[in-house]
1. Going by alpha carbons, how many degrees (0 to 90, nearest 10) lie between the helix axis of 64-81 and the longest principal axis of the chain?
2. Need the full-extension length gain, GLU100 to GLN327, defined as separation in residues times 0.36 nm minus the C-alpha distance. One decimal, nm.
3. Mind telling me which of GLU182, GLU288, GLU353 comes out most flexible in a GNM of the chain, alpha-carbon contacts under 10 Å?
4. What are the equivalent ellipsoid semi-axes of the stretch 313-378, built from the alpha-carbon gyration tensor (square roots of five times its eigenvalues), in whole angstrom, biggest first?
5. Using the Karplus equation 6.51 cos²θ - 1.76 cosθ + 1.60 (θ = phi - 60°), what ³J(HN,Hα) coupling, rounded to whole Hz, does each residue of the stretch 245-254 give in order, writing x for Gly and Pro?
6. Just to confirm, what accessible area per residue do you get for the chain at 1.4 Å probe, in whole Å²?
7. Name all residues of the stretch 201-228 having a backbone nitrogen under 18 Å from the label point set 7 Å from the Cα of LYS297 along its Cα→Cβ direction, giving them as ranges.
8. Using just the helices of the chain, give the 222 nm mean residue ellipticity in deg cm²/dmol: DSSP H runs with n ≥ 4 each add -39,500 (n - 2.57), and the total is spread over all residues, rounded to 500.
Amino acid sequence: MSKRHFDYLVLGLGGAGSAALYHLARRGLHVAGLDRFPIAHDRGSSHGHTRLIRQSYFEHPSYVPLVQRAFELWEQVSEDHGRDVYYETGIIEAGPQEGELVPGVLASAAEHGLEVEHFTREQAAQRWPQFSFAPEHSVVYEQRAGFLLVEQCVSAHVELAQWAGAETFCDQSITSIESGSEAVRVNTTRGAFTADRVVVTLGTWARELLPELSQQLTVLRKPLHWFDADESQYSRKSGCPSFLFETEAGHYYGFPASDWRGLKVARHTGGDLVQDPLTVDRTLDLEERDDVHRFLKKYLPCVTDTPTDHTVCMYTMSPDGHFIIDQCEDDPRIVYAAGLSGHGFKFTSALGEVLADMATDTKSPFDLSLFQRSRLKN
Ligand SMILES: Cc1cc2nc3c(=O)[nH]c(=O)nc-3n(C[C@H](O)[C@H](O)[C@H](O)COP(=O)(O)OP(=O)(O)OC[C@H]3O[C@@H](n4cnc5c(N)ncnc54)[C@H](O)[C@@H]3O)c2cc1C
């Protein structure tokens with residue numbers, strides 16, 4: 001066999017791909033991963049220091065078993081790698097009673113028997129005086145929630161995979177995927193690889209290399225901003241939780257301040273369409289910064305006016321905001337996870353396991369029907 005033939009290839013080593021590589025390697029399989037950028041880079045969707053992880057999933061109760069498995073696996077990653085990647089802060093989720101967020105959280109919690117506390121606006125303002133809430137808001141608090149250190153999660157998965165025998169090639173762009181009769185051929189700017197099975201986790205670039213997704217995915221530009229904040233009120237050590245708000249202007253979220261960069265805040269809804277993710281505009285847009293600053297002034301009023309940092313990331317949206325996890329219609333040897341729609345990182349530890357199961361014809365214990373491509377129109 002050629003040195004460039006592997007039993008399994010993982011295309012794209014960001015959030016989902018790093019985890020898939022790890023889960024295939026830890027099963028003792030002959031696997032390699034390919035990427036065009038160095039591990040834990042800042043050109044795709046898995047950078048910017050932190051990602052929220054929360055359990056009572058307002059988007060749909062079907063995600064709950066998967067996120068519970070993700071929590072277990074993140075703990076295992078921390079233990080096996082010897083470095084914590086998850087920090088529990090609890091989360092407050094504030095929004096109108098008849099909105100999307102609070103009823104969605106309560107429905108997921110009820111369906112899965114999860115522990116959450118539900119507060120009126122006045123009760124919440126008493127418990128968290130560093131926040132304020134709109135008259136129409138009620139607030140749900142969930143203790144089992146917090147943040148993941150996003151770049152460290154990716155590099156930990158890749159290193160664990162390498163320790164288990166996986167090979168990685170991070171200096172070549174994949175240009176096409178061809179179904180051959182004997183093997184799947186993956187062409188790159190530095191030559192071709194072949195494999196019996198291929199896992200595709202290309203994030204914002206999936207639509208370019210998987211024709212069946214070309215009409216399904218759109219890419220959005222998403223800025224992140226940091227502001228200086230008083231640590232006695234807004235740091236994790238002072239007990240400040242992570243937060244997600246449904247407001248008239250959209251959904252906003254953020255994380256307690258870290259000692260070196262301040263408090264991170266972003267808008268979950270909205271975002272400009274990106275035609276070419278390689279040339280997305282990464283410059284600071286003052287209007288976007290003013291937008292999150294207005295949110296802070298209203299709901300976290302004691303955060304300072306001093307910006308400390310910003311970066312730009314991208315969401316890859318499916319038409320309905322749910323993930324697309326499937327086998328290729330024309331070649332079931334190729335499996336993929338795509339369209340993680342701005343909320344996928346927390347799941348990637350579990351998605352890696354799901355993809356490894358799919359690629360090895362192992363029945364997944366999870367109900368994945370919500371994620372099948374056939375739910376979407378062509
Ligand atoms: C600002 C922002 C905030 C977010 N907040 C949260 C959050 O709080 N909680 C949460 O759960 N999720 C969140 N998300 C979503 C989450 O981060 C993404 O869903 C997830 O990181 C996507 O992972 P991925 O593996 O699909 O893509 P990526 O991590 O981008 O990986 C794709 C990889 O494929 C490689 N690649 C692509 N094309 C090629 C090619 N042709 N050749 C070689 N390599 C290629 C890329 O270089 C990249 O490394 C957020 C996303 C953003 C942008």
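The values are calculated or read from the model by the stated rules, or taken from the named source; none is laboratory data. The shown structure was predicted, so the numbers you read here are calculated from the model rather than taken from an experiment. Cβ sites come from the backbone with ideal geometry, for glycine too, and all protein chains shown count toward neighbours. For the accessible areas, the whole protein counts, side chains as well, though only heavy atoms, and no ligand, DNA or RNA atoms are used. Shrake-Rupley method; radii C 1.70, N 1.55, O 1.52, S 1.80 Å.
1. 80 degrees
2. On the way: separation 227, 0.36 × 227 = 81.72 nm, distance 3.13 nm.
Computed gain between GLU100 and GLN327 is 78.6 nm.
3. So, out of GLU182, GLU288, GLU353, the one fluctuating most is GLU182.
4. Values: eigenvalues 70, 46, 22 Å².
In descending order the semi-axes read 19, 15, 11 Å.
5. 10, 9, 10, 4, 8, x, 8, 10, 8, x
6. Values: 15570 Å² over 378 residues.
It amounts to 41 Å² per residue over the chain.
7. Residues passing the 18 Å test: 225-228.
8. Working: 9 runs with 96 residues, N = 378.
Taken over the chain, the calculation gives -7500 deg cm²/dmol.
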